[in-house]
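So the structure is just underneath, and the comments pick up after that.
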Amino acid sequence: MAEPSNGTFTTSEEWFDSGGTRCAARVYRPTTADQPSPVVVMAHGFGAVRALRLYAYAERFAAAGYAVVVFDYRNFGESEGAPRQVLDIAMQHEDWRAALRYARSLEGIDPARVVAWGTSFAGGHVITIAGQGEPLAAVIAQVPHVSGPAAVRSTGLLAALRVGVPGIRDAIASRLGREPVYVQSVGLPGRTAMMTSPDACPGMHTLFRESGLKEDTYPHTVAARIALKTGLYSPRRWAGHIECPVLVQIVAQDAITPRRVAERAAGKMRHSTVRVYEGGHFDPYVEPLFDTVIADQITFLHHHVPSLPKGHA
């Protein structure tokens, strides 16, 4: 559910252009700001949308004095774009860069103090774009996807083969201009879905419930062609090129983005802060872990990108 603002911020529903398509963005502005504010730009993970608990984080950031832009990728959530539920990695990188440009253009924003916040698959995206030279004041990567091969290994060979077949069918359909072939984003162990760890279905159900949404509010599917690309996507290759401070938050029992691989990726970063928590991949979004995770994020921001610049009384 949405958390009360207590008058500390305002919100507005806005749009920005990415590749000729409108992406939906909710903008949070702290009401106490009397000078240009730093801004946190946020997007969700694999096949997910901003309404699944990202607003809870944004409200905490705004109450702490930060402007926030929370957006949906093209083809997902409230953003435009067709066909729907098509997850294209390069296109999502373009959406990220467009969102960052949009955030820098907002009135009352300090364009030199922009933070990229990504979780799960988007945690990999923010590591990638930062490593590729996007000028950022800081990065927050929560339970980030850092290694395609490691993700496939953690998923299991049989599970990967199950989604590989519809993945090939969907890739062929795309070439022929046909409608996508879809698979479930999450499913029970042994079923055909992109994420089938024991905590995947319960975790997604919890995200919907704690966001105050019905299960059918948003699709639980994704175009199957992404199954052929996930194993090839390894943001850790860019980790050593990141110049700005990075907070990497890892859960010890993560069955989707393994702890050991995330720790090694963080070790390649010049200015990384690593926090490890007990729990599974979906636990940071909700209590009892959420309060600890968001508190660590705000502490990191206050240290590296303070809401008031140095010397301001």
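The values are calculated or read from the model by the stated rules, or taken from the named source; none is laboratory data. Fair warning: this is a prediction, and the values are worked out from it, not measured in the lab. Note: ideal-geometry Cβ built from the backbone for every residue, glycine included; neighbour counts use all protein chains shown. Heads up: the accessible areas ignore ligands, DNA and RNA and are worked out on the full protein's heavy atoms, side chains in. Shrake-Rupley method; radii C 1.70, N 1.55, O 1.52, S 1.80 Å.
Structure data summary
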| read-out | value |
| --- | --- |
| Filtered residue count, the stretch 54-108, keeping only those that are more than 22 Å from Ala224 (Cβ to Cβ), surrounded by fewer than 23 Cβ atoms within 10 Å (Cβ to Cβ) and hydroxyl-bearing (Ser, Thr, Tyr) | 3 |
| Test: residue in the stretch 17-38 that is part of a loop (DSSP other than H, G, I, E, B), small (Gly, Ala, Ser) and touching a strand residue (DSSP E or B) at 6+ places or on another chain (Cβ under 8 Å) | yes |
| Residues that are free of Cβ contacts under 8 Å to residues at least 12 places away in the same chain and farther than 27 Å from Gly164 by Cα, drawn from the stretch 210-259 | Lys214 |
| The stretch 164-203: number of residues that are polar (S, T, N, Q) and assigned to a loop (DSSP other than H, G, I, E, B) | 3 |
| Filter result for the condition that a residue is touching a Ser or Thr at 6+ places or on another chain (Cβ under 6 Å) and charged (D, E, K, R), over Arg275, Arg270, Arg236, Arg259 | Arg236 |
| Qualifying positions in the stretch 254-297 - open to solvent by 30 Å² or more (accessible area, probe 1.4 Å), hydrophobic (A, V, I, L, M, F, W, C) and either touching a Pro at 6+ places or on another chain (Cβ under 8 Å) or assigned to a helix (DSSP H, G or I) (or both) | Ala255, Ala295 |
| Residue within the stretch 204-214 that is within 21 Å of Glu80 (Cα to Cα), open to solvent by less than 80 Å² (accessible area, probe 1.4 Å) and assigned to a loop (DSSP other than H, G, I, E, B) present | yes |
| Near pairs, Cβ below 6 angstrom, 6+ apart or cross-chain, from the stretch 136-164 (over 18 Å from Asp283 (Cα atoms)) to any residue that is assigned to a helix (DSSP H, G or I) and polar (S, T, N, Q) | Gly148/Thr230 |
| Residue list for the stretch 96-138, restricted to those being of a type in the set (Gly, Ala, Ser), outside any strand (DSSP E or B) and on the phi < 0 side of the Ramachandran plot | Ala98, Ala99, Ala103, Ser105, Ala122, Gly123, Gly124, Ala130, Gly131, Ala137 |
| Condition met for Pro30 (open to solvent by 10 Å² or more (accessible area, probe 1.4 Å) and either over 25 Å from His205 (Cα atoms) or at pLDDT below 95 (or both)) | yes |
| Failed criterion for Ala141 (all others in (1) surrounded by fewer than 21 Cβ atoms within 10 Å (Cβ to Cβ); (2) touching a helix residue (DSSP H, G or I) at 6+ places or on another chain (Cβ under 9 Å); (3) not basic (Lys, Arg); (4) not in a loop (DSSP other than H, G, I, E, B) hold) | (1) |
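Quick grid of which residues meet (1) modelled with pLDDT of 95 or more; (2) closer than 14 Å to Ala255 by Cβ; (3) open to solvent by 50 Å² or more (accessible area, probe 1.4 Å):
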position: Ile129; (1), (2), (3): yes, no, no
position: Thr155; (1), (2), (3): no, yes, yes
position: Ala159; (1), (2), (3): no, yes, no
position: Asp170; (1), (2), (3): yes, no, no
position: Ser197; (1), (2), (3): no, yes, no
